[in-house]
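The block underneath contains the structure these notes are about, expressed in structure tokens.
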């Protein structure tokens, strides 16, 4: 594990990302990266912990995250656990930089005991030994992980070992403008619609030209956003554990996404990059009738100041690949976990806090516009908290909180890090017209299988 961490840290340093983080106004700041660049600070912290332990003082737990936090949940935990004091450190939600900051801290660059890992990116950190396994705690507490989290469990473990406790999820479906559907005389979609029906609706709802054009739908450039409908009929891995990206489901889904671009039913992949478009601005700005987006979009629906809109909104499952897929609630799912860095000196106390955050804090997660992962907390009160201030009705989003058939936007098994990275790099070449679908999928398969073979042989 130490070797893996050293290698990872060396890569981070080589990338030149150990400088100060940019705060508001572009000023440099070390807020949220306590001890990140100071050996003296780190050593002082260790001495402080040693003295505190000897004097019987509280154990200090350092929790880092990038979400808007209702810190009252932390205050309540501290009050209920007088032997522990959790200190929350906010870091900017600025893409890969936030992950780099956490990596540096977790590899000994500062004190950190609880950290998030999100949407599949945590797999590389699990593989490299950055997180501590938590199966011992789960077994000791008698936790039924399947009952608590259902279909998102693959985001909490790697190669049979559990490393995280899911706190918030992204449930991705098709969000649609009810007013545009009504004006066109189109019925609202449900779990029975197929890809062909979705494509037909996108065609009917596309109108205008130039700057005034309204697109029928919108699919962003996020890694693998084209893939979940293919996952309805094709698993990410073959039965013998190899990459399955060449399967019909994925090949067809990749080609279908580009077809929508070519037909002009949505802003193309290259146009999105060139114009720096984003899902919320396009949809809430009335530039498209439908958008494939995660449950996080509720945060922006609530934000009338930055995303003003006055139309009614609904959400439907992803379309079925074809009629062979049963009529069900096919949503794409990904999850953010809370994990304990392997370098933490207070793993048991960190685990106690993580459980409290996930289980007792589910409604607070919902209050930030994030979708809570902890299923036993689901009820109408939590749903109302989730949508409060958005103009959405409970019945508009209830389907998100019911039992559903969940597919995955990204692979989470062996070789997942290489699988995901090669998908991002290769599919851009296809969407930009530089390579064929067969060529890019073949390269993804090659890179992933090589990674899988190395992992298997290294056991």
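Here is how the numbers come out for the structure above:
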{"item": "Qualifying residue in region 323-333 (condition: closer than 25 Å to residue 141 by Cβ and surrounded by 21 or more Cβ atoms within 10 Å (Cβ to Cβ))", "result": "yes"}
{"item": "Odd one out for residue 369, checked against (1) closer than 30 Å to residue 308 by Cβ; (2) crowded, with 20+ Cβ neighbours inside 10 Å; (3) more than 17 Å from the chain's Cα centre (by Cα)", "result": "(3)"}
{"item": "Criterion (exposed (fewer than 15 other Cβ atoms within 10 Å of the Cβ) and assigned by TED's automatic domain parsing to the domain that holds residue 312) met by exactly one of 203, 232", "result": "203"}
{"item": "Residue check, residue 216 surrounded by fewer than 22 Cβ atoms within 10 Å (Cβ to Cβ) and either in contact with a helix residue (DSSP H, G or I) (Cβ under 8 Å, 6 or more places away or on another chain) or assigned by TED's automatic domain parsing to the domain that holds residue 178 (or both)", "result": "no"}
{"item": "Breaking point among (1) out of contact with any strand residue (DSSP E or B) (no Cβ under 8 Å at 6 or more places or on another chain); (2) crowded, with 22+ Cβ neighbours inside 10 Å; (3) not assigned by TED's automatic domain parsing to the domain that holds residue 187, for residue 284", "result": "(3)"}
{"item": "Qualifying positions in region 96-109 - in contact with a strand residue (DSSP E or B) (Cβ under 7 Å, 6 or more places away or on another chain) and surrounded by 17 or more Cβ atoms within 10 Å (Cβ to Cβ)", "result": "101, 102, 105, 106"}
{"item": "Count of region 401-436 residues which are crowded, with 16+ Cβ neighbours inside 10 Å and free of Cβ contacts under 8 Å to residues at least 40 places away in the same chain", "result": "6"}
{"item": "Only one of 294, 286, 224, 210 that is under 24 Å from the mean Cα position of the chain (by Cα) and at positive phi", "result": "224"}
{"item": "Helices (runs of 4 or more DSSP H) (entirely within region 110-186) containing at least 1 residues that are assigned by TED's automatic domain parsing to the domain that holds residue 350 and surrounded by 20 or more Cβ atoms within 10 Å (Cβ to Cβ)", "result": "122-127, 135-141, 145-149"}
{"item": "Every residue from region 205-235 that is in contact with a strand residue (DSSP E or B) (Cβ under 7 Å, 6 or more places away or on another chain) and under 20 Å from residue 328 (Cβ atoms)", "result": "228, 231, 232"}
{"item": "So residue 106, is it over 28 Å from residue 455 (Cα atoms) and either assigned by TED's automatic domain parsing to the domain that holds residue 282 or assigned to a helix (DSSP H, G or I) (or both)", "result": "no"}
{"item": "Breaking point among (1) in the same structural domain as residue 244 (by TED's automatic domain parsing); (2) in a helix (DSSP H, G or I); (3) without any contact (Cβ under 8 Å) to a residue 12 or more places away in the chain, for residue 442", "result": "(3)"}
{"item": "Among residues of region 70-95, those that are assigned to a loop (DSSP other than H, G, I, E, B) and either free of Cβ contacts under 8 Å to residues at least 60 places away in the same chain or exposed (fewer than 15 other Cβ atoms within 10 Å of the Cβ) (or both), counted", "result": "7"}
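The values are calculated or read from the model by the stated rules, or taken from the named source; none is laboratory data. Bear in mind that the values here come from a model prediction, so they are computed numbers and not experimental data. In this analysis, Cβ positions are derived from the backbone assuming ideal geometry, glycine residues included, and neighbour counts consider all displayed protein chains.
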